[in-house]
Ligand SMILES: [Zn+2]
């Protein structure tokens, strides 16, 4: 079995942790603003799970790096160019339907990824995945049901869900594109070959979108560059100014 | 003299869960082990949900309770594997949940009946509730909403 370098492993863990951190923060922006109380609570719980998972991924990243950085240090003291989340995670909330579409498109990947990671040769990664996958099963159940309910709902909700799908579908491809880091993880049995997850993803997502009476946009174009750190969308910088406000205004503040 | 492990389990069974204080941290199944490492008592605790905000309070409550019993050196360590499951909820804990108005978890994925009137005519409002471990249900007979401790 191939070995991976400490830097490669750190990078991989940041990708996992930044996905959950950035999406978790996005979802938390709904707290107190959701259309009904039950949805507000569900969104807050989802955000909480994702941020909890972030603590485990980035905590392990800090351990692997060996420079004494904690999960908080990594989350709060880096700037845009160091983030490794996929572009889908940082897209703005838009309306409630757009938020739920983003959630479903991510959750379905997240579930497939975590399920595969429970069999990781890296013991701690397998343990984090086994913990997180139980939570994500609830996330995807809800986001899928909501996508169906709104897609196959009123003409207004249907239109908004189709708009959301048209907007967000081009961000799906990035989750399945491998680079040298992914190849190294796959060769070492630490993570799955991302391309192998695609069939499972499509088998999950396609029937849900069909039941939601939504049309998957044609063409295979994919926005990329988030997880490699090559280029984020402008939205991430705005998000970080909110999420990191306290540490930026009062560096090193604790309580 | 170091207190026996069985004694320590008894003491921990008196530490309430901060969110659902009618059950103890032992009832909840989150205390995974108690062991002496020299003069240090090591207590392994597993979180219910990874983002559960009660986790750090629980660790603090456990330390405080054991300090109060005269154990000076306590180390609470977080253990995430194997992941927490509602199968670890004790029978005593399940009975206390019902008395408190929370339907205990079931493999079938929903409550057996309304914890108040015992009607089986119940429907789900939301898979998510006031804490990560609960879902919201309602009873169509007594018309009351209630929490269901969801299966995980
Ligand atoms: Zn009832």
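Just so you know, all these numbers are worked out from the coordinates, no wet-lab data involved. Quick caveat, the model's predicted, so the values are computed rather than measured. Cβ atoms come from the backbone with ideal geometry, glycine included; neighbour counts cover every protein chain shown.
So is residue A:97 closer than 30 Å to residue A:254 by Cβ and away from chain B (no Cβ under 14 Å) or not?
So residue A:97 fails the test.
Across the stretch B:82-93, which residue is farthest from the other protein chains (Cβ to nearest Cβ) among those that are under 17 Å from residue B:34 (Cα atoms) and surrounded by 14 or more Cβ atoms within 10 Å (Cβ to Cβ)?
B:88
Considering the stretch A:127-136 alone, what residues qualify as being over 12 Å from residue A:13 (Cβ atoms) and facing chain B (nearest Cβ under 8 Å)?
Within the stretch A:127-136, A:127, A:130, A:131, A:132, A:134, A:135 meet the criteria.
Report whether or not residue B:60 is in contact with a strand residue (DSSP E or B) (Cβ under 7 Å, 6 or more places away or on another chain), more than 16 Å from the ligand (Cβ to nearest atom) and more than 10 Å from chain A (Cβ to nearest Cβ).
The answer is no for residue B:60.
Among A:77, A:60, which is the only one that is within 19 Å of residue A:134 (Cβ to Cβ), touching a residue at least 60 places away in the same chain (Cβ under 8 Å) and surrounded by fewer than 24 Cβ atoms within 10 Å (Cβ to Cβ)?
A:60
Tell me which residues, restricted to the stretch B:75-121, are over 15 Å from the mean Cα position of the chain (by Cα) and within 16 Å of residue B:26 (Cβ to Cβ).
B:76, B:79 - these are the residues of the stretch B:75-121 that are over 15 Å from the mean Cα position of the chain (by Cα) and within 16 Å of residue B:26 (Cβ to Cβ).
If I filter the stretch B:47-55 for residues that are farther than 15 Å from residue B:19 by Cβ and either touching a strand residue (DSSP E or B) at 6+ places or on another chain (Cβ under 8 Å) or within 14 Å of chain A (Cβ to nearest Cβ) (or both), do I get at least one hit?
Within the stretch B:47-55, one or more residues are farther than 15 Å from residue B:19 by Cβ and either touching a strand residue (DSSP E or B) at 6+ places or on another chain (Cβ under 8 Å) or within 14 Å of chain A (Cβ to nearest Cβ) (or both).
Restricting the search to the stretch A:80-118, which residues are touching a helix residue (DSSP H, G or I) at 6+ places or on another chain (Cβ under 9 Å) and surrounded by fewer than 21 Cβ atoms within 10 Å (Cβ to Cβ)?
If the condition is that a residue be touching a helix residue (DSSP H, G or I) at 6+ places or on another chain (Cβ under 9 Å) and surrounded by fewer than 21 Cβ atoms within 10 Å (Cβ to Cβ), then A:80, A:82, A:92, A:93, A:94, A:95, A:96, A:98, A:115, A:116, A:118 are the ones that fit.
So residue A:45 fits all but one of (1) without any contact (Cβ under 8 Å) to a residue 24 or more places away in the chain; (2) on the phi < 0 side of the Ramachandran plot; (3) surrounded by fewer than 24 Cβ atoms within 10 Å (Cβ to Cβ); what number is the exception?
All conditions pass for residue A:45, except number (3).
Are any residues in the stretch A:1-30 more than 13 Å from chain B (Cβ to nearest Cβ), outside any helix (DSSP H, G or I) and under 20 Å from the mean Cα position of the chain (by Cα), and if so, which ones?
Listed by number, the list holds a single entry, A:29.
Being more than 10 Å from chain B (Cβ to nearest Cβ), assigned to a helix (DSSP H, G or I) and more than 20 Å from residue A:236 (Cα to Cα): is that true of residue A:63 here?
yes
Of the numbered conditions (1) exposed (fewer than 15 other Cβ atoms within 10 Å of the Cβ); (2) part of a loop (DSSP other than H, G, I, E, B), residue A:232 fails exactly one; give the number of that condition.
Among (1) exposed (fewer than 15 other Cβ atoms within 10 Å of the Cβ); (2) part of a loop (DSSP other than H, G, I, E, B), residue A:232 violates only (1).
So which pairs qualify, if the first residue must be in the stretch B:126-152 and closer than 18 Å to residue A:44 by Cα and without any contact (Cβ under 8 Å) to a residue 12 or more places away in the chain, the second must be assigned to a strand (DSSP E or B) and within 16 Å of the ligand (Cβ to nearest atom), the Cβ gap must be under 6 Å, and the two must be at least 6 apart or on different chains?
Taking only residues 6 or more apart or on different chains, the pairs are B:126/B:136.
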